[in-house]
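Below: the structure, in structure tokens.
The values are calculated or read from the model by the stated rules, or taken from the named source; none is laboratory data. Please read these numbers as outputs of a predicted model, since none were measured by experiment. Please note: Cβ atoms are built from the backbone with ideal geometry, for glycine as well, and neighbour counts cover all protein chains shown. When the accessible area is computed, the model is the full protein with side chains, heavy atoms only, and any ligands, DNA or RNA have been set aside. Shrake-Rupley method; radii C 1.70, N 1.55, O 1.52, S 1.80 Å.
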Amino acid sequence: MRRLDQKKMIKKTAVIHFGCSKNLVESESLLGIFAHSSRYELTGNVAKADIIIFNSCGFLSSARQEVRQKIQETKRINPRACCILYGCLARLFRTTDEQWRECARFEKLFHYQVQNTRELASLLENISEKPPARYHQTSPSYTYLKLSDGCSNFCSYCLIPFIRGPYKSRSRSKIVREARHLIFEKEYRELNCISQDTAMYGKDQGDSMTGLLEELTQWKGKYWLRCLYMHPAHITQSLIDMIATHPKIASYMDIPLQHISTPILRKMNRGLTKKRIYRLFEMIREKYPELMIRTTFMVGYPGETEEDFQEIYDFMEYFSPIYAGFFTYSPERFTPAYKYRKECPPFHVSRERIAELWHLQTRLLRNFHRSFIGKELNVLIDKEGRGIRPLSVGRAYFQAPEVDSVIQVLYNHSPGSVIRVKITSADAWKLSGYCVDNKHKHTKGGALYDRLA
Ligand code: SF4
């Protein structure tokens with residue numbers, strides 16, 4: 001195994017990110033570690049790097065393949081670099097490698113396999129284990145606030161509990177300290193609260209998500225929170241009431257459902273039934289009709305019938321508007337569902353079902369977005385416009401970053417600013433309009449994000 005050239009004074013270091021927003025926070029911490037070390041210089045050019053860290057994702061075979069291809073491609077560009085496999089895939093291989101051919105195929109690709117910053121600090125000289133600060137990669141308008149690590153829900157198809165271990169909440173004091181830094185020093189407007197199951201926050205340490213939200217929303221200032229990844233079985237009435245009514249929380253809930261059919265939900269070990277999901281969503285729709293919901297559905301699960309699939313379709317139509325991501329079931333070794341993989345519907349059937357759902361969602365979202373034409377919304381600008389006819393890009397309260405639709409606004413508006421926008425046109429994936437003025441009308445006691453005026 002090639003030894004790292006420790007003699008070289010300044011080592012050019014690149015960090016390549018894969019996967020979810022939780023892993024992005026980890027990549028930003030890694031970048032922060034190197035950005036604050038005198039012996040390392042961050043570079044985005046892998047051809048020039050001495051060290052390349054692949055902060056990997058490992059929970060789906062397609063994600064692992066993506067990591068492998070990227071490492072192979074990078075090594076062709078820069079065969080002399082020291083390649084370090086970091087994060088989820090390194091953890092997965094550490095827990096399973098002796099039984100796994102897939103690991104063997106990777107082994108020759110990287111020089112070191114590192115699970116966390118403690119191991120990285122013992123491998124590389126002159127870096128600290130604790131990132132002094134995150135080296136942020138998102139727009140200056142929003143960022144992510146990680147509340148915990150791991151998951152103890154053990155859904156039958158999921159590798160995450162094997163990769164990240166049991167659910168462990170971060171201490172409230174650490175989260176509050178970081179949130180204050182992000183709002184008052186980094187001046188972020190929107191903090192997206194993330195974890196594998198945000199509704200479970202604090203339950204392993206005598207705390208609660210509503211308790212945390214109360215503390216995070218007590219400060220004066222123009223900022224708001226958005227809550228993502230809440231397992232439907234763990235959402236409480238008080239959490240819904242708080243999210244739907246608090247002026248400093250976007251009226252938005254990301255509730256991954258995965259399926260609607262009770263037999264499939266049981267096989268998935270999701271811990272709830274169709275009846276309970278309908279009761280939850282009917283209560284939300286009745287009490288808070290304008291609260292926006294995002295979800296995800298997995299199609300093609302072992303034993304899924306046409307009738308099971310139709311239940312997802314009917315649900316999307318009945319509770320529209322909903323933003324949803326649709327995925328095909330991926331059989332993963334070591335998960336309980338793996339042994340039933342032969343009971344999956346043929347792949348072409350799963351693909352047709354996914355296409356049907358995207359088609360449905362496109363129609364439903366087009367109608368939803370067109371209902372804003374002629375109306376005004378407060379819009380947080382994420383990206384400034386460029387060029388002769390600049391179009392800035394932003395979001396209203398019902399749009400989460402990077403996954404939902406956006407609002408295009410004529411002319412330049414600075415990222416992080418909140419402007420009043422009159423909507424002039426819309427389709428399934430974006431709304432467009434122009435700024436009417438910067439003063440925004442307050443509803444809900446001074447909320448920056450408001451409903452339709
Ligand atoms: S809630 Fe289920 S799907 Fe989500 S991370 Fe945990 S085990 Fe995986």
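Some notes on this structure:
- Test result for Arg180, without any contact (Cβ under 8 Å) to a residue 60 or more places away in the chain, over 21 Å from Asp382 (Cα atoms) and of a type in the set (D, E, K, R): no
- Of the criteria (1) in contact with a strand residue (DSSP E or B) (Cβ under 6 Å, 6 or more places away or on another chain); (2) charged (D, E, K, R); (3) open to solvent by less than 20 Å² (accessible area, probe 1.4 Å), which one Arg294 fails: (3)
- Qualifying positions in region 414-433 - more than 22 Å from Glu190 (Cα to Cα) and open to solvent by 60 Å² or more (accessible area, probe 1.4 Å): Thr424
- Of the criteria (1) closer than 18 Å to Ala400 by Cα; (2) open to solvent by 10 Å² or more (accessible area, probe 1.4 Å); (3) out of contact with any strand residue (DSSP E or B) (no Cβ under 6 Å at 6 or more places or on another chain), which one Ser251 fails: (2)
- First in region 262-289 and more than 30 Å from Leu159 (Cβ to Cβ), second anywhere and part of a helix (DSSP H, G or I), Cβ under 6 Å, 6 or more apart: Tyr288/Ala244
- Among the residues of region 193-210, those that are surrounded by 14 or more Cβ atoms within 10 Å (Cβ to Cβ) and more than 16 Å from the ligand (Cβ to nearest atom) comprise Gly202, Asp207, Ser208, Thr210.
- The set of residues in region 145-178 being within 16 Å of the ligand (Cβ to nearest atom) and outside any loop (DSSP other than H, G, I, E, B) consists of Lys146, Ser148, Asp149, Ile160, Pro161, Phe162, Ile163, Arg164, Lys168, Ser169.
- Lone qualifier among Ser320, Ser238, Ser350 - being more than 16 Å from the ligand (Cβ to nearest atom) and touching a strand residue (DSSP E or B) at 6+ places or on another chain (Cβ under 6 Å): Ser350
- Lys12 passes every criterion in (1) under 22 Å from Ser139 (Cα atoms); (2) of a type outside the set (Ser, Thr, Tyr); (3) open to solvent by 20 Å² or more (accessible area, probe 1.4 Å) apart from (1).
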